[in-house]
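We did not get these values from a lab; they are worked out from the coordinates using the rules stated. All values derive from a computational prediction rather than experimental measurement.
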Amino acid sequence: MPLPIYGRVLDEDDAASNRRLHCRKYNSCLAFAVRNDWPGFVCTACTAYEQMDRDEFFQDVDSINDMLKRMAQIAFTAIERSRLGSTG
């Protein structure tokens with residue numbers, strides 16, 4: 001189970017050393033932290049760690065890429081609508 005962090009935000013170096021992004025349970029822990037309104041969490045004391053295998057890892061990366069593409073499409077559409085609205 002993740003542990004909450006209060007009063008500080010993890011920078012990139014802290015996150016890399018305190019979170020296990022390649023754990024099978026990471027997404028569940030992240031959802032748990034969000035549901036409980038935690039400002040952040042660490043995995044360092046967790047005993048439930050399960051490392052993803054290679055295929056799981058790349059499937060996770062593919063999902064992130066799909067999400068980023070969708071976010072870019074939404075942003076581009078908003079920019080285009082804004083631009084068209086301001087010229088009309």
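Can you list residues from other chains, or at least 5 along the same chain, whose modelled amide H is less than 5 Å from the amide H of Phe41?
Placed amide hydrogens put Ile5 under 5 Å from Phe41.
Search the structure for amide H atoms under 5 Å from the amide H of Lys25, placed 1.01 Å from N in the peptide plane, and list their residues when 5 or more places away or on another chain.
Glu50
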